[in-house]
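Some notes on the structure that comes next.
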Amino acid sequence: MPLERFEVVRAVIVCTCKELKYDNMMIIRHDNNVAVVIEQEGNSK
């Protein structure tokens, strides 16, 4: 989906590069940041 530079849009963050550590020694880490762009009605684009 093409977006114009400096365009402000609503988005929901799905995954982040920051790793999560749990008490049972499990670590979850993603390679990149992921977000879903949301329309004004609440539907994803």
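Some observations on this one:
- The calculated P(r) of the chain, using every Cα pair and 10 Å bins from 0, goes 22, 38, 24, 13, 2 in percent.
- Total charge dipole magnitude, the chain, about the Cα centre, Cβ charges on Lys, Arg, Asp, Glu only, Debye to nearest 20: 140 debye
- Which of Arg10, Arg5 has the fewest Cβ neighbours within 10 Å, and the rest in rising order: Arg5, Arg10
Bear in mind these aren't lab numbers, they're just calculated from the coordinates by the rules spelled out. What you see is a predicted model, and the numbers here were worked out from it, not measured in a lab. Using ideal geometry, Cβ is built from the backbone for each residue, glycine included, and neighbour counts are taken over all protein chains shown.
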